[in-house]
Amino acid sequence: MTEAAIAAAARRLARAHRVAVLTGAGISAESGVPTFRDTQRGLWAQFDPMQLASREGFAADPALVWRWYAWRRELVAGAQPNAGHLALAPAAARFAQFDLITQNVDGLHARAGSRNVLELHGNLLRSKCFAQCGTFVAEPRQLPPGEPPRCPRCGNWLRPDVVWFGEMLDPDVLDAAQQAAVDCDAMLVVGTSGLVTPAAGLPAAAKRAGATVVVVNPNESELDDVADHLIRGPAAAVLPSLFPS
Ligand code: OAD
């Protein structure tokens, strides 16, 4: 059943001219990066998102939040892109237009060779000024944990450049992602629960604009209903077969 679903989706993708891909934490699961909503090992099952992923949480205890992101940076630095990430990088060259949109902050798509990744939720390896003075700092990977460093311009705390609960996404990145969704003729959705907007709305937007939607996920998700091709399988096993050489 899955084999047939993969073959049918691969045939559809091979006919596409403009492809958009939306990825979530599931694509990095096989690299050893935990997802958010796995009931046992998911980050939000073990940690309080309001403490660790909100402006209020950071203001209350900057050192705690900084340590948590330092731990995640270390984890990601020790992880390698998997066959799922690695299948997407060369696939870009096959299409007139190829947009890779990710909710992930781990940078693994870029490390797999993908270019111009639309990172909707930011990137763990960058920091920015908590006081919003407009300063962004590219981090060396191995920052000592402890108190956050200070903004080189205004002296306030630096915080990770990731989108926290209650914050807006970068409007330019979001515009580009929405444009890619309505312009594509096929959208591939990989490893996302489809619970977090606005990213979760992109597949439906693509479908309304006439695109075929392919969903890859070993489990049920909120996006199953949008799928024209629903593939129940893990990203690293499925994605190489969707873009056969
Ligand atoms: P979730 O943790 O909500 O969902 C991960 C999805 O990946 C689930 O649907 C799993 O079934 C699926 N999955 C697990 N293993 C997989 C595998 N090997 N291959 C493919 N899929 C697999 O993660 P997201 O949907 O990415 O936001 O979460 C969206 C946002 O919520 C995140 O970007 C993060 C979080 O709060 C911010 O940090 C702003």
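The values are calculated or read from the model by the stated rules, or taken from the named source; none is laboratory data. Computed from a prediction, not measured in an experiment: that's the story for all the values here. Ideal geometry is used to build each Cβ from the backbone, glycine not excepted, and the neighbour counts take in all protein chains shown. Calculation scope for accessible area: heavy atoms of the full protein, side chains included, ligands and nucleic acids excluded. Shrake-Rupley method; radii C 1.70, N 1.55, O 1.52, S 1.80 Å.
Condition check for Ala131 on (1) open to solvent by less than 20 Å² (accessible area, probe 1.4 Å); (2) in the same structural domain as Arg150 (by TED's automatic domain parsing); (3) not charged (D, E, K, R): one failure, at (1). The lone criterion from (1) part of a loop (DSSP other than H, G, I, E, B); (2) more than 22 Å from Leu239 (Cβ to Cβ); (3) in contact with a strand residue (DSSP E or B) (Cβ under 6 Å, 6 or more places away or on another chain); (4) small (Gly, Ala, Ser) left unmet by Ser127 is number (1). Scanning the range 204-238 for residues that are open to solvent by 60 Å² or more (accessible area, probe 1.4 Å) and touching a strand residue (DSSP E or B) at 6+ places or on another chain (Cβ under 7 Å) yields Lys207, Asp228, Leu230.
Among the residues making up the range 148-165, those that are within 16 Å of the ligand (Cβ to nearest atom), part of a loop (DSSP other than H, G, I, E, B) and either in contact with a helix residue (DSSP H, G or I) (Cβ under 7 Å, 6 or more places away or on another chain) or polar (S, T, N, Q) (or both) are Trp164, Phe165.
Taken over the range 25-49, residues that are within 7 Å of the ligand (Cβ to nearest atom), open to solvent by less than 60 Å² (accessible area, probe 1.4 Å) and in a loop (DSSP other than H, G, I, E, B) amount to 5. Apart from one condition, Tyr69 fits all of (1) open to solvent by 10 Å² or more (accessible area, probe 1.4 Å); (2) within 19 Å of the chain's Cα centre (by Cα); (3) outside the structural domain of Pro218 (by TED's automatic domain parsing); the exception is (1). Restricted to the range 82-102, and to residues there that are surrounded by 24 or more Cβ atoms within 10 Å (Cβ to Cβ) and of a type outside the set (A, V, I, L, M, F, W, C), the residue that is farthest from Leu174 (Cα to Cα) is Gly84.
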